[in-house]
1. Give me the residue from the range 45-81 that is of a type in the set (A, V, I, L, M) and under 13 Å from residue 35 (Cα atoms) and, out of that set, modelled with the highest pLDDT.
2. Between a first residue in the range 31-60 that is within 27 Å of residue 72 (Cβ to Cβ) and a second residue that is aliphatic (A, V, I, L, M) and not in a strand (DSSP E or B), which pairs have beta carbons less than 7 Å apart while being 6 or more apart in sequence or on different chains?
3. If you go through the range 1-44, how many residues are at pLDDT 70 or above and part of a helix (DSSP H, G or I)?
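The values are calculated or read from the model by the stated rules, or taken from the named source; none is laboratory data. As the structure is a computational prediction, the values presented were derived from the model and not from experiment. Every residue, glycine among them, receives a Cβ derived from its backbone with ideal geometry; neighbour counts consider all protein chains shown.
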Amino acid sequence: MQHDDRIDYDQALTVTSLAKGANISGIHPHAQFFYELKCTKRMIQRLSTYVHVNGKEGFDNKPSTWKYVPPEGSAATCPQY
């Protein structure tokens, strides 16, 4: 990715192609996490968690508490509209 964590057209196309390939290949994820972001307040909340380990599955759809995003890392940069 570019230094400012934004992706260009070619990178977006690559990510989309890989995601489409994963959808049709029969590969199953070991974990899925869904988040909600409040960019203006720099906060994040996990909405749900799914894990699949050693043939066992677990799911939690209870939202976490809102947490401030640390200034470092990819979650610290929200898209500019």
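1. Of the residues in the range 45-81, the ones of a type in the set (A, V, I, L, M) are 47, 51, 53, 69, 75-76.
Filter once more, so that each one left must be under 13 Å from residue 35 (Cα atoms): 47, 69, 75.
Numbers: 47: 92, 69: 83, 75: 62.
Here the residue is 47.
2. Hits for this filter: 42/69; 43/69; 44/69; 44/75.
3. 14
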